[in-house]
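Each value in this text was obtained by applying a stated rule to the coordinates, not by laboratory testing. Owing to the predicted nature of the structure, the values given are computational and were not obtained by experimental measurement.
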Amino acid sequence: MKKFFATILVVGLIFLSAQAQARELTAEDEAFAKEAITNELTEWGCTPLKIWFSGTPIEDAENVKYMNDLASGKNLEPKFTACMVFYSNFMSPPDPHDGKPTAWTYDKEYKDYSWYFGLYEGEWILMTYGY
């Protein structure tokens, strides 16, 4: 009987240890993502209006699988361990009246634009964005 309870105790401790090691979104992770999104939007000539974390756990198995599915397109091994998803609202650039084609509708507010970052060997990588 003692062996049974000892086994239960060990299994419980292993479970608690695994739970304690679950990775949570940190303030540094969030600051990194918001800065990366702001920089990308600014580079596109867009004005960020709002950026927020989706609230989806970063170890969500479906999102981690998605990051690993995208890995080969970035010449990476499928070794992602987490995924943080953010959304943003932003204004597209004003119309330059130059007639050049663009992906944006000028002077339009885009809402709920998604941003997926994968954790790869301890570093966050912007993997994909859009609707």
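Here are the numbers:
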| quantity | calculated |
| --- | --- |
| Entries of LYS74/LYS100; LYS34/LYS74; LYS50/LYS79; LYS34/LYS100 with Cα pairs more than 26 Å apart | LYS74/LYS100; LYS50/LYS79; LYS34/LYS100 |
| Reachable aspartates and glutamates, given that their alpha-carbon falls under 17 Å from the alpha-carbon of LYS111 and they are not under 8 places away in the same chain | GLU40 |
